[in-house]
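The values are calculated or read from the model by the stated rules, or taken from the named source; none is laboratory data. These numbers come from a predicted model, not from an experiment. Ideal geometry is used to build each Cβ from the backbone, glycine not excepted, and the neighbour counts take in all protein chains shown. Remember, those area values only see protein heavy atoms, side chains included, never the ligands or the DNA or RNA. Shrake-Rupley method; radii C 1.70, N 1.55, O 1.52, S 1.80 Å.
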Amino acid sequence: MTPPISPSSEPASGLPRDPSTGPADRPAPSRPRVVSVIGAGAIGAAVIEALERGDVPGALLGDVLRSRSSDEEITSAIETADVVVEASSVEAAEKFIPRVTAGGKDIVVCSCGVFARHEDPRDLLAPGSGAGRVLVPAGAIGGLDILSAAARAGADDAHLRHYTIKSPAALNVDEQLAESREVFRGSARKAALEFPLTSNASVALALATLGLDRTEVIVVADPQVRRTRHVVEWESPMGSYELQFENSVDPDSGGRTSAITAWSVAEVLASLGAGAGPGVVVLGQDPGRG
């Protein structure tokens with residue numbers, strides 16, 4: 001089982017590391033972080049635009065890598081960046097996670113379904129105490145702070161269920177449905193393997209709490225929905241929680257990606273400068289907040 005991770009103690013990361021062993025070249029807070037972005041699709045384009053507009057305090061856009069980028073361009077983008085954002089595909093995440101972390105750089109992974117391919121998500125990281133971290137944004141759902149805290153308090157008697165309700169087209173259901181239909185029920189690992197483009201929220205939830213094999217996922221195709229719906233149900237001795245989210249979809253994603261996902265990435269990037277991740281309220285001189 002993947003151990004529960006608290007976003008408040010390991011910023012937005014399902015893969016913690018002793019902070020005292022971090023690479024010495026990690027930038028000081030006074031210097032803006034240079035962010036290279038892999039992919040310019042729905043999420044990548046929104047992250048790029050936010051960086052270019054200055055909507056991410058303490059961060060500047062570096063290079064943008066696409067499928068046609070040469071190996072020399074890739075090497076340069078990683079070397080000149082302080083943090084890399086993967087917003088492309090599971091295949092890209094598989095390729096870039098070990099390469100980026102080997103250089104002592106952090107990588108924000110949007111295609112976190114890649115971890116379902118590995119029994120231990122840490123297997124993708126480059127070995128060694130100086131390797132960079134993988135940071136997994138919450139994406140389309142919230143509440144990971146209280147859920148990871150509840151999991152840390154005790155996971156043996158805990159139960160977690162995540163419902164994802166999307167349009168049939170977003171789930172590649174070709175049949176014309178007159179009413180909603182359950183198209184999948186199983187673990188977060190199996191959901192990510194069967195629906196790699198639509199299960200990132202389930203994987204992030206699982207990494208923060210009970211792990212990929214104990215988190216139950218139900219995927220529903222609903223012809224009536226115009227927004228993506230997520231329902232998270234938790235039960236343990238710590239309490240009972242039900243969280244519901246209804247997200248507008250990015251029009252460039254074919255209904256698969258919630259528009260809020262790119263802003264979740266932006267929040268991770270902004271939080272890095274404060275030394276704390278999402279789930280912790282940080283008060284300070286932030287020119288991006290009025």
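Principal axis analysis of the Cα atoms in the stretch 126-191 yields extents of 52, 32, 20 Å, listed in decreasing size.
Set against the 2.2 N^0.38 Å expectation for a compact globular protein, the stretch 40-140 has a Cα radius of gyration ratio of 1.04. Peptide packing for 185-192, 165-172, 202-209 was compared via the average number of neighbouring C-beta atoms within 10 Å per residue; ordered from the highest value, the list is 202-209, 185-192, 165-172. Annotation for the stretch 145-183: GluC sites (Glu not before Pro) lying in DSSP loop with at most 11 further Cβ atoms inside 10 Å of their Cβ are GLU175, GLU179.
Between ASP174 and SER70, the FRET efficiency estimated from the beta carbon spacing at R0 = 35 angstrom works out to 0.40.
Got a number for carbon plus sulfur as a percent of the stretch 154-245's accessible area, 1.4 Å probe? Taking all protein chains in place, the stretch 154-245 shows 44 percent carbon and sulfur surface. Among the trypsin sites (Lys or Arg not before Pro) within the stretch 39-101, those in coil by DSSP and having at most 15 neighbouring Cβ atoms inside 10 Å are ARG66, ARG68. Students often forget the sequence filter, so: which lysines lie under 28 Å Cα-Cα from LYS105 once same-chain residues fewer than 8 apart are removed? Those lysines meeting the cut-off are LYS95.
Placing a label point 7 Å from the Cα of HIS159 along the Cα-to-Cβ line, the residues of the stretch 196-217 whose backbone N sits under 15 Å from it are 214-217. Entry comment: accessible area of the stretch 80-123 is 32 Å² per residue, from protein heavy atoms only and a probe of 1.4 Å.
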